[in-house]
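Step one of this worksheet: look at the structure below.
The values are calculated or read from the model by the stated rules, or taken from the named source; none is laboratory data. Not measured: the values here are computed from a predicted model. For neighbour counting, all protein chains shown are included, and Cβ atoms are generated from backbone atoms with ideal geometry for every residue, glycine included. Surface accessibility is based on the protein's heavy atoms, side chains included, excluding ligands, DNA and RNA. Shrake-Rupley method; radii C 1.70, N 1.55, O 1.52, S 1.80 Å.
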Amino acid sequence: MTPTPIILDCDPGHDDAIALLLAIASPEVELIGVTTVAGNTTIDKTTNNALRILELGGRSDIPVYRGADKPFIRPQDIADHVHGESGLDGPDLPPPSTREQDLHAVDYLAQEIRARDGKVTLIPTGPLTNIALLFALHPDVRPERIVIMGGSIGEGNRTPAAEFNIWADPEAAQRVFLEGLDTTMVGLDVTHRALITDAHTERMRGAGRVGKVVAELMDFYARFHKSRYPDLAGSPMHDPVCVAHVIDPSLMTVLDAFIDVDCSGGPSWGRTNVDWRGREHFGDPNAKVGVDIDGDRFAELIVERISSLG
Ligand code: RIB
Ligand code: CA
């Protein structure tokens, strides 16, 4: 089976880091490039973290391209309360021995997607600033598929109304959903059922060098989630769900929907209004939305693939 070429546009971040490692550990996908965006932390740190994680996984050959350092319009807000000062607090990860490419992330995305005649699955797991810039600057560039971590049908996590990635740059997100591509939204409704427990973490801790680092990432990441989400049985693996969905589409249930982003600037700005019941939008879905996931099989996939990295 030919692996699916993917590009992660990410803001590492603990869960982005695990999504990167899942991708390089999985023969079903080929991680051809990584682009970075400011989100969980600043662009300097998300870029540095992407380089460090690829090096940890023995894949410094995968090129990293630095992207947008702030949202289109909204003031920048980072999530250091979740990911710490470095954006990857927990393990003692050495600085990278490689550096990012000189080409800007958006220009790389345009170049790579054109060169592959669109046969690339784009997986944004941070604010959508780079992706919206791509479509604005290069309207001819059409990736065959885009699987976004962001949004929610129900409650948010950055505010009661909005999930962080969409909230951070709602205008960019709206631009992406209006693009009419084969788009799948992986929101909190699903990722809050995609949980890594302490037991999963302990299995990875004993599985080798990479597993130990991932366990230390989870130790830090779980600290926030145990206090903020005591109702969850583990820590939500937001970004890895996107990669897992490409690896094994049977894991997640999706429905057609019309997704609209609240860019009003009011208390609900950044909210994804997901019409999957045809209330206002009949027969004109602009995306698929994740509505359920087999959480046990997902967690086993994470433990198995991270443990395989040795
Ligand atoms: O709301 C969760 C999302 O925001 C994840 O992608 C996390 O890494 C942060 O970017
Ligand atoms: Ca992220």
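Some notes on this structure:
- Odd one out for Glu155 among (1) surrounded by 19 or more Cβ atoms within 10 Å (Cβ to Cβ); (2) outside any helix (DSSP H, G or I); (3) within 12 Å of ligand 1 (Cβ to nearest atom): (1)
- Whichever residue in the range 158-182 is small (Gly, Ala, Ser) and more than 16 Å from ligand 2 (Cβ to nearest atom) and, among such residues, is surrounded by the most Cβ atoms within 10 Å (Cβ to Cβ): Ala161
- The range 199-211, subset out of contact with any Asp or Glu (no Cβ under 9 Å at 6 or more places or on another chain) and in contact (Cβ under 8 Å) with a residue 12 or more places away in the chain, residue most open to solvent (accessible area, probe 1.4 Å): Arg209
Yes or no, residue by residue, for (1) in a loop (DSSP other than H, G, I, E, B); (2) free of Cβ contacts under 8 Å to residues at least 60 places away in the same chain:
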residue: Ser86; (1), (2): yes, yes
residue: Gly90; (1), (2): yes, no
residue: Pro96; (1), (2): yes, yes
residue: Leu103; (1), (2): yes, yes
residue: Asp107; (1), (2): no, yes
residue: Gln111; (1), (2): no, yes
residue: Arg114; (1), (2): no, yes
residue: Lys119; (1), (2): yes, no
residue: Leu122; (1), (2): no, no
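- Sole residue being farther than 23 Å from Ile7 by Cα and at pLDDT 95 or above, chosen from Thr159, Thr129: Thr159
- Residues satisfying the stated conditions in the range 81-104, i.e. surrounded by fewer than 15 Cβ atoms within 10 Å (Cβ to Cβ) and modelled with pLDDT under 90: His81
- Reported count of residues in the range 109-151, each being out of contact with any helix residue (DSSP H, G or I) (no Cβ under 8 Å at 6 or more places or on another chain) and small (Gly, Ala, Ser), is 2.
- Qualifying positions in the range 264-284 - surrounded by fewer than 18 Cβ atoms within 10 Å (Cβ to Cβ) and not polar (S, T, N, Q): Gly265, Gly266, Pro267, Arg277, Gly278, Arg279, Glu280, His281, Phe282, Gly283, Asp284
- Boolean, Pro75 is open to solvent by less than 10 Å² (accessible area, probe 1.4 Å) and assigned to a loop (DSSP other than H, G, I, E, B): no
- Listed by first and then second residue, the pairs with beta-carbon distance under 7 Å, at least 6 apart or on different chains, first residue in the range 151-177 and farther than 15 Å from Arg228 by Cβ, second within 16 Å of ligand 2 (Cβ to nearest atom) and open to solvent by 30 Å² or more (accessible area, probe 1.4 Å), are Trp167/Arg158; Ala168/Asp77.
- Counting only strands (runs of 3 or more DSSP E) that sit wholly inside the range 1-68, those with at least 1 residues that are surrounded by 24 or more Cβ atoms within 10 Å (Cβ to Cβ) and either modelled with pLDDT under 95 or polar (S, T, N, Q) (or both) are 29-36.
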